[in-house]
Amino acid sequence: MAEAARARAEAARDGRGPASARAGGDLVFSAIAFVLALLPRLYVAIAWAREPVWDGHYYDFGARRIAAGLGYSDDLIVGGQPVWHPWCHYPVGYSGFLGLVYRLFGAGPHVATVANAVTGALLVVVVHRLARYATTPARARAAALLAALSPGLIVYAALLMTEPLAALGLVTAPWLLARDAARGRVIRGAVLAGAALGLTALVRPQSLLCAPALALLAWRGPGGASAAWRRGALAAALSAATALAVVAPWTIRNCRVMDGCALVSTNGGWNLAIGAFPRATGRFETLRAGDGCPIARGQVAQDRCWMAEGLKWIKDDPVRWLALIPRKLSFTFDHESFPIGYLGEANPAAWPEERRAAGRRVLTTSHLGLLSVAALGVVALPRLRPWRALAAQLLALAAVLGLVAWGVLGDEHAFWPLAVAIPVIAALPLPGRPANGGVVGYLAFAVASVALTHAVFFGEDRYHMVVTPALCVLAACALRRGEPAPAAGRAGAR
């Protein structure tokens, strides 16, 4: 009886009890959050949007070709005649999404950005639904409000860029699995999560890195540790297999129409080379033919050439490549300026330098504040007893606060160590830690996947936007209660 009561109390504390995880719970707030998120995004989508620039130009062009029934392609002029030429340099998912929207509603000036606004509002709803399986109902609402009111996510509605759609997939997959696992339907949840992750991979291929973390959402349930491991392994395997099955038709298409096979896109080699070539700075730099691949060939062959060059540069000078990692992570996590730069490029008259600077300050300050609080999402509120748990959590708290102080007071204002600390602290078996498995563990893994990806390739601040919703959930989980100590004789069962 005491064990059952303790389990019920733990479930209620972690947001997994009947009050937070029952089917249909708190739907009214989800609807309110959708409206609250949609209104500012609609305003930005209509009032601030202009012609797409930078990568957005290519996403829009690809979407218009898809909507016209021409596939993901352009036309080359050969002998004075247009010749159909297939693409797969950029991932197809976002252009495919916009192509469907254009096919249904036309390609008017604000159709794409209004679709972005709706996507952003749906993202907030899923944040709320997912957070209910991570923490208490009140904290889940806080997570939704943080996502709804995030300045960066709001401004992104005016940009034809992939990050909000990719972020939606990254939180939808764990929500589907967490929801069904709570109902004892792990297999169905794993398949649905894999389908969501596969669609997300078509938008952002590195999303597939999160497939193993889905195992964390299936561990809790009847049986001991061995049963938990079996459930987790089954969920991860089914999710990964389903994701690859979703991606497979596009891969087959690439093998059939391109000059070679590509899983989703052909920019991995380019990105590796950008992060490793002799002129590398840690952020995007334009590759030139003289840098190593001067012969114009097919997209797959070019990407493979740059991949080979990138690996060669890393092998020739691994110390230099490793030394660039802090700069890459700094470019990724230490500021949030890309949305303002995009808007300024699209409409310079409306965004003079003073307004751009103010916009960058607002977005960067809100992002760094969110990142700082999110790092506390894997730290427990220190309790007086037992003393080992108190000491461990005080050390974890001191580490996070020390990194925040270093970011604020240091000459370089480096906050990226917080992004590294989140998955590290979450994984450490510290006494008295909060429940850092399940949803929280998945979200910490997602942050780690972004940090790892851009440590290898190169950094830009827009890349952290895909985990901004994850940071909202983690921030809402800040300084939860720690897990109770295992009962005597059962230390190995948890």
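The values are calculated or read from the model by the stated rules, or taken from the named source; none is laboratory data. Everything numeric in this text was worked out from a predicted model, so none of it was measured. Ideal geometry is used to build each Cβ from the backbone, glycine not excepted, and the neighbour counts take in all protein chains shown. For accessibility, only protein heavy atoms count, side chains too; no ligands or nucleic acids. Shrake-Rupley method; radii C 1.70, N 1.55, O 1.52, S 1.80 Å.
Data for the structure
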read-out: Where Ala289 falls short, out of the listed (1) open to solvent by 60 Å² or more (accessible area, probe 1.4 Å); (2) under 24 Å from Trp87 (Cβ atoms); (3) more than 28 Å from the chain's Cα centre (by Cα); value: (1)
read-out: Matching entry among Ala201, Ala182, Ala276 (being buried (at least 16 other Cβ atoms within 10 Å of the Cβ) and under 18 Å from the mean Cα position of the chain (by Cα)); value: Ala201
read-out: Residue satisfying condition, being under 30 Å from Ala173 (Cα atoms), at pLDDT 95 or above and not in a helix (DSSP H, G or I), within set Ala243, Ala262, Ala248; value: Ala262
read-out: Residue check, Met307 touching a residue at least 24 places away in the same chain (Cβ under 8 Å), over 30 Å from Gly189 (Cβ atoms) and open to solvent by 40 Å² or more (accessible area, probe 1.4 Å); value: yes
read-out: Lone unmet requirement of (1) surrounded by fewer than 16 Cβ atoms within 10 Å (Cβ to Cβ); (2) modelled with pLDDT under 85; (3) charged (D, E, K, R) for Glu51; value: (2)
read-out: Verdict on Pro484 being open to solvent by 10 Å² or more (accessible area, probe 1.4 Å) and either within 17 Å of the chain's Cα centre (by Cα) or touching a residue at least 12 places away in the same chain (Cβ under 8 Å) (or both); value: yes
read-out: Helices (runs of 4 or more DSSP H) enclosed by the range 140-217 - at least 1 residues per element that are under 24 Å from Trp250 (Cβ atoms); value: 163-182, 186-203
read-out: Exclusive hit being touching a strand residue (DSSP E or B) at 6+ places or on another chain (Cβ under 6 Å) and open to solvent by 10 Å² or more (accessible area, probe 1.4 Å), set Arg383, Arg355, Arg433; value: Arg433
read-out: Members of the range 84-134 that are in a helix (DSSP H, G or I) and either of a type in the set (Ser, Thr, Tyr) or in contact with a Cys (Cβ under 7 Å, 6 or more places away or on another chain) (or both); value: Tyr94, Ser95, Tyr102, Thr113, Thr119, Val127
read-out: Sole residue being small (Gly, Ala, Ser) and open to solvent by 60 Å² or more (accessible area, probe 1.4 Å), chosen from Ala470, Ala427, Ala455; value: Ala427
read-out: Test for Gly459: is it touching a helix residue (DSSP H, G or I) at 6+ places or on another chain (Cβ under 9 Å), among the small types (Gly, Ala, Ser), within 24 Å of Arg220 (Cβ to Cβ) and not in a helix (DSSP H, G or I); value: no
read-out: Residue pairs meeting the criteria (Cβ under 9 Å; at least 6 apart or on separate chains; first closer than 23 Å to Gly459 by Cα and in contact (Cβ under 8 Å) with a residue 24 or more places away in the chain, in the range 255-270; second among the small types (Gly, Ala, Ser) and open to solvent by 40 Å² or more (accessible area, probe 1.4 Å)); value: Gly269/Ala308
read-out: Spans of helices (runs of 4 or more DSSP H) in the range 313-428 with at least 2 residues in contact (Cβ under 8 Å) with a residue 24 or more places away in the chain, among the aromatic types (Phe, Trp, Tyr) and within 30 Å of Phe277 (Cα to Cα); value: 325-333, 338-346
read-out: Any hit, the range 87-95, residues being open to solvent by 70 Å² or more (accessible area, probe 1.4 Å) and of a type in the set (A, V, I, L, M, F, W, C); value: no
read-out: Qualifying residue in the range 108-118 (condition: of a type in the set (Ser, Thr, Tyr), open to solvent by 10 Å² or more (accessible area, probe 1.4 Å) and touching a residue at least 40 places away in the same chain (Cβ under 8 Å)); value: no
